[in-house]
Amino acid sequence: MDYSNDDLMRYLDGEMQPGDRARFEGIVEASTELQRELALYRALKDNLQGISFAPALAGRSVWDRVNARLARPIGWVMLVIGATLWAIYGGYIYLQSAINAWEKLATSAVISGILILFATVAWERYRAWLVDPYKDVHR
Amino acid sequence: MQPEVERELIRKCKAGGPRFYEPIVRAYEGPGMRLAMGMMGNVEDAHDALQEAFVKAWQSLDRFDGGRPFGPWFFQILRNQCRDLLRSRQARFKLETVDERLEARPAGLASSPERDREKRAATEMLWKGLERIGAEHREILVLKELEGLRYSEIAEVLGIPDGTVASRLYHARRALRDALDELGVSYA
């Protein structure tokens, strides 16, 4: 018989050109073996198509989670811009104030120290997260 | 979703405004979930992959040709996401079907508890068979039988020539048939 397994699949899936289809149907008609094979794959196909995921999807749209992820970068950008502007303005006002130089120096040192400590802890946590083998494990 | 509506939404998404993305997400989350479930095998992992794929699609929207349908392009992203997840978690297809999360579609009006039970048992065996075959076989079967894609669309999603789809499908179906044989479900 002049056919291939690919022909069988294309016929089964309705992907054959009309001419090839007619030729293949002639081959099927002449071969009980091929009829049996075709019936078998058709049954498998029907059963696969019978699987439904309706309960898994019910009421669980991913949109809220996706939307939160899309909005988050915008939130971060706005927060950083706002905080930077306030920090620059606050620093300017502070430097222009009548407080004496020693007080300014001490306050600046305290603020700088807090920022440096915060940045180093954040950096350490980030480095640890990069190599954490369990970062994808959900609780 | 109508192709022209989809194109218009994509155009508006590209111009900014995630709210135009919502109808697209809602239209594709069902088919996307089927593909993700088929590849991951359980609801939680499938949801994670689906969510991440939608975020990645949004981030890559500038590179998407708005004249083409969104579906195959999105399925390609989702398929890669599922593969990455499976790789990064060093997990394999984790079956979670022996509960109420999956069901067989009712086969018409002549439904009875016994028939439903039989259908569920058959579905369960089918999923056990899918668990046993390789990820490559599983993904092409899901794209064909659960998503109902044409060969040309499958080729686009998988990034393979049109001509190899039939051959890949044959090997996938053959593998599933053999797996079911081993489980005692004979299609011979």
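For this structure, a couple of remarks:
- Test: residue in the stretch B:46-54 that is closer than 25 Å to B:Glu124 by Cβ, among the acidic types (Asp, Glu) and out of contact with any Ser or Thr (no Cβ under 7 Å at 6 or more places or on another chain): yes
- In a residue-by-residue description of the stretch B:120-137, the property of being crowded, with 19+ Cβ neighbours inside 10 Å, at pLDDT 90 or above and assigned to a helix (DSSP H, G or I) applies to at least one position.
- If you check B:Glu100, B:Glu8, B:Glu114 for being at pLDDT below 85 and away from chain A (no Cβ under 12 Å), only one passes: B:Glu114.
- Options B:Gly67, B:Gly16, B:Gly38, B:Gly30: the member that is within 14 Å of chain A (Cβ to nearest Cβ) and not in a helix (DSSP H, G or I): B:Gly16
- Scanning the stretch B:1-49 for residues that are of a type in the set (Gly, Ala, Ser) and more than 15 Å from the chain's Cα centre (by Cα) yields a total of 3.
Residue-by-condition table, conditions (1) touching a residue at least 24 places away in the same chain (Cβ under 8 Å); (2) within 45 Å of the chain's Cα centre (by Cα):
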| position | (1), (2) |
| --- | --- |
| A:Phe24 | no, yes |
| A:Gln35 | no, yes |
| A:Leu38 | yes, yes |
| A:Ile99 | no, no |
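- Answer residue from the stretch B:129-175, given it is β-branched (Val, Ile, Thr) and touching a residue at least 24 places away in the same chain (Cβ under 8 Å) and is farthest from A:Tyr11 (Cα to Cα) among those: B:Ile133
- Being exposed (fewer than 14 other Cβ atoms within 10 Å of the Cβ), at pLDDT 90 or above and at the interface with chain B (Cβ under 7 Å from one of its Cβ atoms) holds for only one residue in A:Ala22, A:Ala43, A:Ala54, and it is A:Ala43.
- For B:Glu52: the one exception among (1) within 26 Å of B:Lys12 (Cβ to Cβ); (2) within 10 Å of the chain's Cα centre (by Cα); (3) within 9 Å of another protein chain (Cβ to nearest Cβ): (2)
- For A:Ala30: the one exception among (1) modelled with pLDDT of 90 or more; (2) of a type in the set (A, V, I, L, M); (3) surrounded by 15 or more Cβ atoms within 10 Å (Cβ to Cβ): (3)
The values are calculated or read from the model by the stated rules, or taken from the named source; none is laboratory data. Computed from a predicted model, the values in this text were never measured in an experiment. When we count neighbours, we look across all protein chains shown, and the Cβ atoms used for this are built from the backbone with ideal geometry, even at glycine.
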